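Undergrad: If you scroll down you'll find the structure; I have some questions about it.
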């Protein structure tokens, strides 16, 4: 497989680039290192086969700081974020045999685990009632994923097309959906009118939809 | 079941990213359970979320994070065999209404009269943000006066069908109505219609129906 499903091409960096006026964070050499293409999937397979703790440590070094960043951007308190990162990575270990490379990338698999744990946690915190459903504490068994396989080739085409989105649209997608920031706040941060944010968001979503229809 | 009306891409993106209101997410999940097309789109958007995770600027974890995780795994020589829990839930039935699996384990309040031919049962959504969720039962032929929306209203038809200016909505169809949508749904004459509805935002009573509508939201 030649698909670079995991490393980021240089032109991907806009996605991670700090916004103008954003806090400058220097990346520490020992944090958030990169992985070679498909390496995450191989590491997970190695955990599944032999309980490879070195593989787990590599995955942890890659994913834990990224999961922490995702959780903090959504407003999760630092200590809760740290606990969720721990829970997510333990679940990556325990569920390693359930990972199927054919059905999606390792990154999206890990992301969905963290996402579901966060949603469950918010439910428990806000709900006055004891949680009756789901006594196992298991996140939703990915109700969206079971029948919706996305092959490696489609996956790579999806990422390619995403890279081809104009930066201004992609940034708004990321801020609006991934980081859950209100349009008004994005407008202020980017220094553009609210209407521009809304129209760029609409354009970006329409592009994604056209892309999905192409891939279907 | 031929599904003609699907979730919007905005909703699917938020669901994929984990940023959709819990009440809206409940209705969206109930639709996904019966809609392969939306499941495929969601999988693609989860892939995009995975790409966002790859690209995010990492935030350093506490120095002992990895050693804590490894300590927790102490004694676990290998992951347990994938005894995948077969999440086969017998469909629960409430007064003859087959409930979506997304509702399993949630408290559903008793049926309340709202208006002639209109009944509602509130669904208690744990951790609900702004959105309220209810099961609406509409008698055959009931016509709801034309009304607008404030915030988002997501409606999944569980049984029966209704029509409005946008077309016909039958079992499995989901619609999202926001500020820009105004409609007056009419239930088909031959059967009652049962819907799972999430209301996000407050009603602004303008007329008789709006007050009725408010009482549905406020149940």
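The values are calculated or read from the model by the stated rules, or taken from the named source; none is laboratory data. Every value quoted in this text rests on a predicted model; they were computed, and no experiment measured them. All Cβ positions, even for glycine, are placed from backbone atoms using ideal geometry, and neighbour counts span all protein chains on display.
Undergrad: Consider region A:91-111. How many of its residues are facing another protein chain (nearest Cβ under 7 Å) and surrounded by fewer than 19 Cβ atoms within 10 Å (Cβ to Cβ)?
TA: 3
Undergrad: Among what's in region B:161-171 and is surrounded by fewer than 20 Cβ atoms within 10 Å (Cβ to Cβ) and in contact with a strand residue (DSSP E or B) (Cβ under 7 Å, 6 or more places away or on another chain), pick the residue that is nearest to residue B:15 (Cα to Cα).
TA: B:171
Undergrad: Within region A:99-118, work out how many residues are farther than 17 Å from residue B:40 by Cβ, at pLDDT 90 or above and in a helix (DSSP H, G or I).
TA: Going through region A:99-118, the residues farther than 17 Å from residue B:40 by Cβ turn out to be A:99, A:101, A:106-107, A:110-111, A:113-118.
Those still in the list that are at pLDDT 90 or above too: A:99, A:106-107, A:110-111, A:113-118.
With the extra rule that they be in a helix (DSSP H, G or I), the set shrinks to A:106-107, A:110-111, A:113-118.
Residues meeting the conditions: 10.
Undergrad: Residues in region B:49-66 that are more than 17 Å from residue A:82 (Cβ to Cβ) and over 36 Å from the mean Cα position of the chain (by Cα): how many?
TA: 0
Condition check ((1) modelled with pLDDT of 90 or more; (2) over 16 Å from the mean Cα position of the chain (by Cα)) across all residues:
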residue	(1), (2)
A:142	no, no
A:153	no, yes
A:163	no, no
A:196	yes, yes
A:200	yes, yes
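Undergrad: Still on this structure, please answer the following. Would you confirm whether or not region A:18-41 contains a residue that is at the interface with chain B (Cβ under 7 Å from one of its Cβ atoms) and either in a helix (DSSP H, G or I) or modelled with pLDDT of 85 or more (or both)?
TA: Taking every residue of region A:18-41 in turn, none turns out to be at the interface with chain B (Cβ under 7 Å from one of its Cβ atoms) and either in a helix (DSSP H, G or I) or modelled with pLDDT of 85 or more (or both).
Undergrad: Continuing with the same structure: Working only within region B:4-34, note down all residues that are more than 8 Å from every other protein chain (Cβ to nearest Cβ), outside any helix (DSSP H, G or I), out of contact with any strand residue (DSSP E or B) (no Cβ under 8 Å at 6 or more places or on another chain) and in contact (Cβ under 8 Å) with a residue 24 or more places away in the chain.
TA: B:34
Undergrad: Moving to a separate point now. Within region A:171-186, take every residue that is surrounded by fewer than 18 Cβ atoms within 10 Å (Cβ to Cβ) and over 18 Å from the mean Cα position of the chain (by Cα) and give me the one that is nearest to residue A:76 (Cα to Cα).
TA: Going through the qualifying residues, I end up with A:182.
Undergrad: If you scan region B:142-165, which residues turn out to be over 23 Å from residue B:98 (Cβ atoms), in contact (Cβ under 8 Å) with a residue 24 or more places away in the chain and in a loop (DSSP other than H, G, I, E, B)?
TA: B:144, B:145, B:146, B:148, B:149, B:150, B:151
Undergrad: Sticking with this one: Step by step: first the residues of region B:35-44, then only those that are touching a helix residue (DSSP H, G or I) at 6+ places or on another chain (Cβ under 6 Å) and modelled with pLDDT of 90 or more, then the one that is farthest from the other protein chains (Cβ to nearest Cβ). Which residue is that?
TA: Taking region B:35-44 first, the residues touching a helix residue (DSSP H, G or I) at 6+ places or on another chain (Cβ under 6 Å) are B:38-39, B:41-42, B:44.
From what's left, modelled with pLDDT of 90 or more: B:38-39, B:42.
Details: B:38: 8, B:39: 4, B:42: 4 Å.
Here the residue is B:38.
Undergrad: Does residue B:69 count as at pLDDT 90 or above, more than 8 Å from chain A (Cβ to nearest Cβ) and not in a loop (DSSP other than H, G, I, E, B)?
TA: On the way: at pLDDT 90 or above: yes; more than 8 Å from chain A (Cβ to nearest Cβ): no; not in a loop (DSSP other than H, G, I, E, B): yes.
No, not satisfied.
Undergrad: Among the residues of region B:101-131, which ones are buried (at least 20 other Cβ atoms within 10 Å of the Cβ) and within 14 Å of chain A (Cβ to nearest Cβ)?
TA: Those that are buried (at least 20 other Cβ atoms within 10 Å of the Cβ) and within 14 Å of chain A (Cβ to nearest Cβ): B:102, B:103, B:123, B:125, B:126, B:128, B:131.
Undergrad: Residues of region B:45-66 being within 7 Å of chain A (Cβ to nearest Cβ) and in a helix (DSSP H, G or I), which ones? It would help to see each step written out before you state the result.
TA: Restricting attention to region B:45-66, the residues satisfying the condition of being within 7 Å of chain A (Cβ to nearest Cβ) are B:46-62, B:65-66.
Those that are within 7 Å of chain A (Cβ to nearest Cβ) and in a helix (DSSP H, G or I): B:46, B:47, B:48, B:49, B:50, B:51, B:52, B:53, B:54, B:55, B:65, B:66.
A quick yes/no check of all residues on (1) in contact (Cβ under 8 Å) with a residue 12 or more places away in the chain; (2) under 18 Å from residue A:33 (Cα atoms):
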site	(1), (2)
A:52	no, no
A:57	no, yes
A:68	yes, yes
A:84	yes, no
